[in-house]
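I have a structure here, written as structure tokens, and I will follow up with some questions on it.
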Amino acid sequence: MQSHAGGGAQARACAAAPAWGAPPGNTAPQKYRAHALRALKVLPGAVDSLYVSYSGTLFSSVAEELDDRKRLARCPEDEAKALAQYWVGPHLLSVSDKGRRRAEFVLRNSRFSLDVARGSHVPLAYVQIASSFLAQVGVQAALGAVRFVVNSLGAVCGDETLSRIDLCVDFVPSQPLDRWPDDLWVTRASRIDTHAVRGRFTGWSFGLGAGLSARLYDKRFEVETVSEKVYMYGLWESAGVAATDPVWRLEFQLVRPVLKELGIRTVADATSRLADLWSYCCTKWLSLRVPAADRNRARWPLAQLWTDWTAAGSVDTTLS
């Protein structure tokens, strides 16, 4: 994937102008409509990813069993490796031959991945919940399964701490999306990147690597060429999206330092304020504007497409 850092260069913007009109700008004719692009269909917002951690102490008996499974995972024989599995109720988890970060054990299946630690100075478990599992059962049921597993591994102290949450909305645009000059974006991000694959424009990213970041990208293309999350096809079809429709995604990633600033510590804090989080991301942190005479770009009118996305802020936590 090619990445090009944005910097408001008008010459580059002109070179990348959409095929259906001149590049937008303060002097662009009113007939240019790409910056007022509407969405033909906007799907309900969703929680796409959850990362949570739990404080507590690993049961000694569980630690011994996990040590045994880890040794099996290191064996060169395939028959031994196949036994490097650990059952927790109905959940079968494979045990890795290596730890990760400060965790001695890594357990995973298609639903979630757990970094499990033995010591008392690190979280008992750091858990990444798969977007496919969130899409299948919703946030609360997914968390219920994770809590059952973690409580079976050790003595948990307190509620889970939310380490990261990704919020998204998928939509079908009425026209092809293409590169717009950077000055149409009003954002607190320190950088804007545009992305292309073999000459095909695939979207933008904003503030990657920061505590709050965003991506606006061709989701159908990403599923077809990178993630292979084919379960998305069923979700889109059930929402009335045709198999030939282009689907794009606006996605925000918020990690622990930003969540703490916003007064969010637990998943319950986040789920009770999903609409507020989405509004903050779409109004205070990032927005797409229509050029106006005002020197203050933050006072330019919101593009219609951005208004459509903001309206999808009543996030449906049963989808992804």
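The values are calculated or read from the model by the stated rules, or taken from the named source; none is laboratory data. Source: prediction; values computed, not measured. When we count neighbours, we look across all protein chains shown, and the Cβ atoms used for this are built from the backbone with ideal geometry, even at glycine. For accessibility, only protein heavy atoms count, side chains too; no ligands or nucleic acids. Shrake-Rupley method; radii C 1.70, N 1.55, O 1.52, S 1.80 Å.
In segment 170-193, what count of residues is obtained for those that are closer than 21 Å to Ala298 by Cβ and assigned to a loop (DSSP other than H, G, I, E, B)?
6
Take the residues in segment 243-262 that are free of Cβ contacts under 8 Å to residues at least 60 places away in the same chain and within 21 Å of Gly209 (Cα to Cα), then tell me which one is least open to solvent (accessible area, probe 1.4 Å). Can you show your working first?
Pass one, segment 243-262, residues free of Cβ contacts under 8 Å to residues at least 60 places away in the same chain: 243-244, 257-258, 260-262.
Right, trim to within 21 Å of Gly209 (Cα to Cα) and you get 257-258, 260-262.
On the way: Pro257: 83, Val258: 23, Lys260: 142, Glu261: 153, Leu262: 40 Å².
Of everything passing the filter in segment 243-262, Val258 is least open to solvent (accessible area, probe 1.4 Å).
Which members of segment 71-99 meet the condition of being surrounded by 14 or more Cβ atoms within 10 Å (Cβ to Cβ), under 22 Å from Ile129 (Cα atoms) and free of Cβ contacts under 8 Å to residues at least 40 places away in the same chain?
The answer is Ala84, Gln85, Tyr86, Ser94, Val95, Ser96, Asp97, Gly99.
Looking at (1) part of a loop (DSSP other than H, G, I, E, B); (2) more than 18 Å from the chain's Cα centre (by Cα); (3) touching a residue at least 40 places away in the same chain (Cβ under 8 Å), can you tell me which one Leu288 breaks?
Every condition holds for Leu288 apart from (1).
Across segment 114-127, what is the total count of residues that are part of a strand (DSSP E or B) and either open to solvent by 20 Å² or more (accessible area, probe 1.4 Å) or touching a Cys at 6+ places or on another chain (Cβ under 8 Å) (or both)? Even if it seems obvious, please write down each step before you answer.
So the first thing to find is which residues in segment 114-127 are part of a strand (DSSP E or B), and the list is 114-116, 125-127.
Keeping just the survivors that are either open to solvent by 20 Å² or more (accessible area, probe 1.4 Å) or touching a Cys at 6+ places or on another chain (Cβ under 8 Å) (or both) gives 126.
Residues meeting the conditions: 1.
Something else now. In segment 265-279, how many are part of a helix (DSSP H, G or I) and either open to solvent by 60 Å² or more (accessible area, probe 1.4 Å) or of a type in the set (Val, Ile, Thr) (or both)? Write out each step before concluding.
Taking segment 265-279 as the starting set, the residues that turn out to be part of a helix (DSSP H, G or I) are 267-271, 274-279.
Next cut, either open to solvent by 60 Å² or more (accessible area, probe 1.4 Å) or of a type in the set (Val, Ile, Thr) (or both) only: 267-268, 271, 276.
Here the count works out to 4.
For Ala189, all conditions in the list (1) farther than 14 Å from Arg249 by Cβ; (2) touching a Lys or Arg at 6+ places or on another chain (Cβ under 8 Å); (3) of a type in the set (A, V, I, L, M, F, W, C) hold save one; what is the number of the exception?
So Ala189 meets the others, but not (2).
What number of residues within segment 90-113 satisfy the criterion of being of a type outside the set (D, E, K, R) and part of a loop (DSSP other than H, G, I, E, B)? Even if it seems obvious, please write down each step before you answer.
Taking segment 90-113 and keeping what is of a type outside the set (D, E, K, R), we get 90-96, 99, 103, 105-107, 109-110, 112-113.
Okay, now just the ones that are also part of a loop (DSSP other than H, G, I, E, B), so 90, 96, 99, 109-110.
Within segment 90-113, residues that are of a type outside the set (D, E, K, R) and part of a loop (DSSP other than H, G, I, E, B) number 5.
Go through (1) over 16 Å from the mean Cα position of the chain (by Cα); (2) within 30 Å of Leu305 (Cα to Cα) and name the single condition Ser120 misses.
Answer for Ser120: the failing condition is (2).
Residues Leu143, Leu184, Leu167, Leu177: which one is surrounded by 18 or more Cβ atoms within 10 Å (Cβ to Cβ), aliphatic (A, V, I, L, M) and more than 30 Å from Leu40 (Cα to Cα)?
None of the others qualify; the one that does is Leu143.
Picking from Thr283, Thr307, which residue would you name as being touching a Leu at 6+ places or on another chain (Cβ under 9 Å), of a type in the set (Ser, Thr, Tyr) and in a helix (DSSP H, G or I)? Lay out the reasoning, then the answer.
Details: Thr307 fails: touching a Leu at 6+ places or on another chain (Cβ under 9 Å).
Sole residue among the options that is touching a Leu at 6+ places or on another chain (Cβ under 9 Å), of a type in the set (Ser, Thr, Tyr) and in a helix (DSSP H, G or I): Thr283.
Based on what the data block shows, is Gly240 exposed (fewer than 12 other Cβ atoms within 10 Å of the Cβ), in a loop (DSSP other than H, G, I, E, B) and either without any contact (Cβ under 8 Å) to a residue 60 or more places away in the chain or in contact with a Gly (Cβ under 8 Å, 6 or more places away or on another chain) (or both)?
In short, no.
Please work out if Asp48 is out of contact with any Phe, Trp or Tyr (no Cβ under 8 Å at 6 or more places or on another chain) and modelled with pLDDT of 95 or more.
no
Another question about this same structure. Going through segment 187-229 one residue at a time, which ones are buried (at least 17 other Cβ atoms within 10 Å of the Cβ), touching a His at 6+ places or on another chain (Cβ under 8 Å) and at negative phi?
Those that are buried (at least 17 other Cβ atoms within 10 Å of the Cβ), touching a His at 6+ places or on another chain (Cβ under 8 Å) and at negative phi: Asp193, Thr194, His195, Phe201, Thr202, Trp204, Ser205, Tyr217.
Where residues in segment 220-237 are among the aliphatic types (A, V, I, L, M) and without any contact (Cβ under 8 Å) to a residue 12 or more places away in the chain, which of them is nearest to Ala196 (Cα to Cα)?
Val226
With the requirement that a residue be farther than 21 Å from Pro44 by Cα and in a strand (DSSP E or B), what does segment 205-237 give you?
Across segment 205-237, the qualifying residues are Ser205, Phe206, Leu212.
Additional query: Can you work out which of the residues in segment 146-164 that are open to solvent by less than 10 Å² (accessible area, probe 1.4 Å) and more than 20 Å from the chain's Cα centre (by Cα) is farthest from Glu222 (Cα to Cα)?
Ranking the candidates gives Gly154 first.
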